[in-house]
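Asks: One structure, pasted below without further comment.
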Amino acid sequence: MSITTFSFPTNIHFGAGARRLVAAHLRDAGYQRPLLVTDKALSALPVLDEFKSHLNDLDLAIFSGIFGNPTSSQVMAGAAAFADHRADCIIGFGGGAALDVAKLVGVAATHAGNIIEYVWDHPQSRIIEHALPYLVALPTTAGTGSEVGRASVISENGSHIKRVVFNPKLLAKCVFADPELTLSLPPHITAATGIDALTHNIESYLSPNYHPLCDGIALEGTRLAAKALLTAVNEPNNLEARSDMMMSSMLGAIAFQKDLGAVHACAHALGAVCDLHHGLANALMIDTVLAWNQPMVAAKFDELAHVSGVAGGGEAFIDWLRQLKTDVGIVGGLATHGVKHEQILQLAAIANNDICHQTNPRICTATDFEQLFRAAM
């Protein structure tokens, strides 16, 4: 498989072996002292050692203090590691959590205050005014597409509520999207992150905001995920399927500048209250929320069915999604995954306060969210 280079929205090297280009790229750009930001689990796996073997002529330090849903304190610890190493650039290596933290480490390393003060809706929100350290990103999952995103999601340390920092300066200067980095992913992570990518594409397409460019991108991202996800789960070394899922993930993240919907509002609440993995949370809510949305935008659901190769229109598309979840091993409702009925009111309140549902194709109230969570139990 050859490596293709393109720029949308940032420079991307896509293809098997792209990771081997990182050292030369940094040297050519004048950088020698990278801080590699990754998560605790990845730091103990052979995939990181293999990548490090391609960076031998750089003065490398590693920050691996990321775990679970990333928090503001993890970002601040990464900024301290950047300063201790006197780093001149950042390599983000990992899934969405690691890449979101890597982007914000650059902010915290060059700006005053706690990173939580830079979230878009902070009462005294600080401005990202300085240039950020040079950042390259290597995704090791096909889910969030954070490598091409202009935003980072982190949780408050106390409440665990997810907050968003948004600024075009957060974009990586270069992305090395190497599907070989996903070959070692276990099936349950492939499934959860893959449903996350699919959710991004579907929700951005369903958003009522006008953005035909994103609509086309989202439909192609949906088509690729529909074609490849089950194969990627069942045949973990299938490079074509892994490549299609990595591209679907990036397409979804590019498309959702059009915004998302109520599935993500619910997933953010589940992450805050129950600490559920984001992709799994989306998977547990997607068919329930989409079935509720479908009557409002039936023609769009018919188009989603068409690009996914599903006969029978929009209602059949939702049935297909339910079956896909089962086929990739995501079974049971919220209760199966530890959510308690007494948490529903808290979940509904947090989801109702989440900005994502403001671009849902059907208006949501706190009562609607309560009913959706109950239906998904």
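Values quoted throughout were computed directly from the atomic coordinates according to the rules given, and no laboratory measurement underlies them. On a predicted model such as this, the values are computed, not experimentally measured, just so you know. Backbone-built Cβ (ideal geometry, glycine too); neighbour counts: all protein chains shown.
Asks: Over the residues of the stretch 141-220, compute the C-alpha Rg and express it relative to 2.2 N^0.38 Å.
Replies: Taking the Cα Rg and dividing by 2.2 N^0.38 Å, one obtains 1.26.
Asks: Where the convex hull is taken over the Cα atoms of the stretch 187-376, what is its projected area averaged over directions, in nm²?
Replies: Its average projected convex-hull area is 9.3 nm².
Asks: Hey, which of these cross-link pairs are over 26 Å Cα-Cα: 162/300; 169/325; 52/173; 173/325; 40/162; 258/300?
Replies: Long pairs (Cα-Cα over 26 Å): 162/300; 169/325; 173/325.
Asks: Express the relative contact order of the chain as a whole percentage, based on alpha carbon pairs under 8 Å and six or more residues apart in sequence.
Replies: Relative contact order here is 15 percent.
Asks: What is the spread of the Cα atoms of the chain along each of their three principal axes, largest first, in whole Å?
Replies: 56, 48, 38
Asks: For residue 83 and residue 188, what does the FRET efficiency come to when R0 = 51 Å and r is the distance between their Cβ atoms, rounded to the nearest 0.05?
Replies: 0.90
Asks: Could you check which residue among 124, 323, 358 shows the biggest mean-square fluctuation in a GNM of the chain with a 10 Å Cα cutoff?
Replies: 124
Asks: Whose amide H sits under 5 Å from the amide H of residue 163, counting only residues 5 or more places off or on another chain, with H placed in the peptide plane?
Replies: The answer is 154, 155, 156.
Asks: Using alpha-carbon pairs under 8 Å, 6+ residues apart, how would you state the relative contact order of the stretch 187-376 in percent?
Replies: 28 percent
Asks: Summing -39500 (n - 2.57) over the DSSP H runs of n ≥ 4 in the chain and dividing by its residue number, what mean residue ellipticity at 222 nm do you reach, to the nearest 500 deg cm²/dmol?
Replies: Computed ellipticity for the chain at 222 nm equals -15500 deg cm²/dmol.
Asks: Still on this model: By the gyration tensor of its Cα atoms, with a ≥ b ≥ c the square roots of the eigenvalues, what is the shape of the stretch 98-171: rounded for a/c under 1.5, prolate for a/b over b/c, or oblate?
Replies: Taking the square roots of the gyration eigenvalues as a ≥ b ≥ c, the stretch 98-171 is oblate.
Asks: Same structure, new question: How big is the gap, in Å, between the Cα center of the stretch 228-265 and the Cα center of the stretch 105-137?
Replies: Cα centroid to Cα centroid, the span is 28 Å.
Asks: Okay, moving on. Between the stretch 47-80 and the stretch 164-186, what is the separation of their alpha carbon centroids in Å?
Replies: Centre-to-centre (Cα) distance: 14 Å.
Asks: Take residue 157 and residue 127, extend 7 Å from each Cα along the Cα→Cβ direction, and tell me the distance between the two endpoints in nm.
Replies: In this crude label model, residue 157 to residue 127 measures out at 2.8 nm.
Asks: Oh, and also: Can I get the semi-axes of the stretch 309-371's equivalent ellipsoid? Compute them from the C-alpha gyration tensor as square roots of 5 times the eigenvalues, in angstrom, largest first.
Replies: So the equivalent ellipsoid measures 26, 19, 9 Å along its semi-axes.
Asks: Search the structure for amide H atoms under 5 Å from the amide H of residue 37, placed 1.01 Å from N in the peptide plane, and list their residues when 5 or more places away or on another chain.
Replies: When sequence neighbours closer than 5 places are left aside, the close amide H contacts are 63, 91, 92, 93.
Asks: Check every DSSP H run in the chain and write down those whose alpha carbon atoms cover 30 angstrom or more along the long axis and whose mean Kyte-Doolittle hydropathy is 0.0 or greater.
Replies: Qualifying helices: 212-234.
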